[in-house]
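Undergrad: Below is one structure. I have some questions about it.
The values are calculated or read from the model by the stated rules, or taken from the named source; none is laboratory data. Keep in mind that what you see is a predicted model, and the values were worked out from it rather than measured. In this analysis, Cβ positions are derived from the backbone assuming ideal geometry, glycine residues included, and neighbour counts consider all displayed protein chains. All accessible areas refer to the heavy atoms of the entire protein, side chains included, with ligands and DNA or RNA removed. Shrake-Rupley method; radii C 1.70, N 1.55, O 1.52, S 1.80 Å.
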Amino acid sequence: MTTIDRTTQTAAAANPNKALWEKGDFTRIAASMRESGEELVETMGVTPGMEVLDLGCGDGTTAVPAARRGARVLGVDIAANLVAAGNVRAREAGLSNLFFREGDASRLEGIDDNRFDLVVSIFGAMFAPNPFDVAREMVRVARPGGRIVMGNWIPGDPTLVAQVLKISAEFTPPPPDGFVSPVSWGVADNVQERFTAAGISPDAISCTPTLYTFRTPNPPAALLDTFRHYYGPTMNAFDAAQRDGRADELYNRLSALFEEENQGGADETIIAANYLKVIVRK
């Protein structure tokens, strides 16, 4: 049986996204994603003894339910605060088969080739720089016959998260030269190109638009406030908008979006967002 690697990855410091995701507290957002995380893991065929890697895992929205099904799970995230929160969740749940550590999805130092039966990244590795490196690393650490499952937000999609990212980008300074948008992972042609470059046959790659639902027993304004104060991209957007005297404009646009997308009542938020579900067979 493989021993869970508890080595801290120094490569994380080289990833510019580290500051972005440590700035906020994604656990506050993740609280509204737990139910859909459970539902998604249910579709992955996780079985006892399976070796699972969860990249960009946050505090364990998919890692925890995978471990509860008896898999041996390693969660890797760029943000030290989320790694710490994940290890607290694992300890409190009595899951000795789950461990979180820092790491960069585009450079998985200290993780052996062909190790995992299942490599998962739900709205995580898509934000790492160097997408071709991300694809190559996921393929490298998956065992022959194993699977990679990604969930990626879709550019230009009219539903919640794609629009939050789009609107936020309108209020922040232009990205540096060479920047590759995270939502480019939500385009099937890009997914095909990146994984075929990593040695995967095109017919072993499937991309399916799927829904992910945010649920919270609070009104949409409360969920928006959580995004505003704890989600890195919107935090940066509000910082920039405040400097430009446009914070009210940004808030009003996002507020209208959250209200329009809400399928719950006045005191309940249920918002379904489209994403691209990617399955790769090695």
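Undergrad: Just to be sure I follow: if Rg is taken over the C-alpha atoms of the stretch 86-180 and Rh is the Kirkwood radius over the same atoms, what is Rg/Rh? Can you show the working numbers first?
TA: Details: Rg = 16.4 Å, Rh = 15.8 Å.
We get a ratio of 1.04 for the stretch 86-180.
Undergrad: Pop the C-beta distance of Ser184 and Thr208 into the FRET formula with R0 = 22 Å and round what comes out to the nearest 0.05.
TA: The calculated FRET efficiency here is 0.80.
Undergrad: Considering all projection directions equally, how large on average is the shadow of the alpha-carbon convex hull of the stretch 134-277, in square nanometres?
TA: For the Cα atoms of the stretch 134-277, the hull's average projected area reads 10.1 nm².
Undergrad: Report the calculated FRET efficiency for Lys166 and Ala272 (r = Cβ-Cβ distance, R0 = 22 Å), to the nearest 0.05.
TA: Numbers: r = 17 Å, r/R0 = 0.79.
Working from the Cβ atoms, E equals 0.80.
Undergrad: While we're on this one: Kirkwood Rh, the stretch 20-149, all Cα pairs: how many Å?
TA: Averaging 1/r across every pair of different Cα atoms and inverting gives 14.3 Å.
Undergrad: Please sort by residue number the chymotrypsin sites (Phe, Trp or Tyr not before Pro) in the stretch 158-244 whose DSSP state is loop and whose Cβ has at most 12 other Cβ atoms within 10 Å.
TA: Within the stretch 158-244, the qualifying chymotrypsin sites (Phe, Trp or Tyr not before Pro) (loop, at most 12 other Cβ atoms within 10 Å) are Phe179.
Undergrad: What does the charge dipole of the stretch 185-240 about its Cα centre add up to, to the nearest 20 debye, if the Cβ of each Lys and Arg holds +1 and the Cβ of each Asp and Glu holds -1?
TA: 200 debye
Undergrad: Report Arg72's accessible area, 1.4 Å probe, all protein chains in place, as a number in Å² to the nearest 10.
TA: Spelled out: Arg72, probe radius 1.4 Å, area about 40 Å².
Undergrad: In whole percent, what relative contact order does the stretch 13-113 give with Cα contacts below 8 Å and a gap of six or more residues?
TA: 26 percent
Undergrad: Once you order the gyration tensor axes a ≥ b ≥ c over the Cα atoms, which shape class does the stretch 71-111 get: rounded for a/c under 1.5, otherwise prolate or oblate by comparing a/b with b/c?
TA: Judged from the Cα gyration tensor, the stretch 71-111 comes out oblate (a/c at least 1.5, b/c at or above a/b).
Undergrad: Probe radius 1.4 Å, ligands and nucleic acids left out: which of Glu109, Glu92 has the largest accessible area, and how do the rest follow?
TA: Glu92, Glu109
Undergrad: Next up: With angles folded into 0 to 90 degrees, how steeply does helix 220-230 sit against the dominant principal axis of the chain? Use alpha carbons for both and round to 10.
TA: Helix 220-230 and the main axis of the chain meet at about 60 degrees.
Undergrad: Tell me, what is a quarter of the convex hull surface for the C-alpha atoms of the chain, in nm² with one decimal?
TA: 13.9 nm²
Undergrad: Using each residue's phi in the stretch 151-166, evaluate 6.51 cos²θ - 1.76 cosθ + 1.60 at θ = phi - 60° and report the 3J(HN,Hα) Karplus result to the nearest Hz, with x for Gly and Pro.
TA: Values, residue by residue: x, 10, 5, 9, x, x, 5, x, 8, 3, 5, 4, 6, 4, 5, 5 Hz.
Undergrad: Points 7 angstrom from Cα along the Cβ direction at Thr47 and Lys23: gap in nanometres?
TA: 4.4 nm
Undergrad: Between Ser96 and Ala222, what is the label-to-label distance in nm when each label sits 7 Å out along the Cα-to-Cβ direction?
TA: About 3.8 nm, to one decimal.
Undergrad: A follow-up question, please. Of Lys166/Lys282; Lys23/Lys277; Lys166/Lys277, which pairs sit farther than 25 Å apart, going by alpha carbon to alpha carbon? Intermediate results must be reported in sequence, preceding the final value.
TA: Numbers: Lys166/Lys282 33 Å; Lys23/Lys277 28 Å; Lys166/Lys277 20 Å.
With Cα atoms farther than 25 Å apart: Lys166/Lys282; Lys23/Lys277.
Undergrad: Separate question: I want the antiparallel fraction of DSSP beta bridges within the chain, as a percent rounded to 5.
TA: Counting only bridges with both partners in the chain, antiparallel ones make up about 50 percent.
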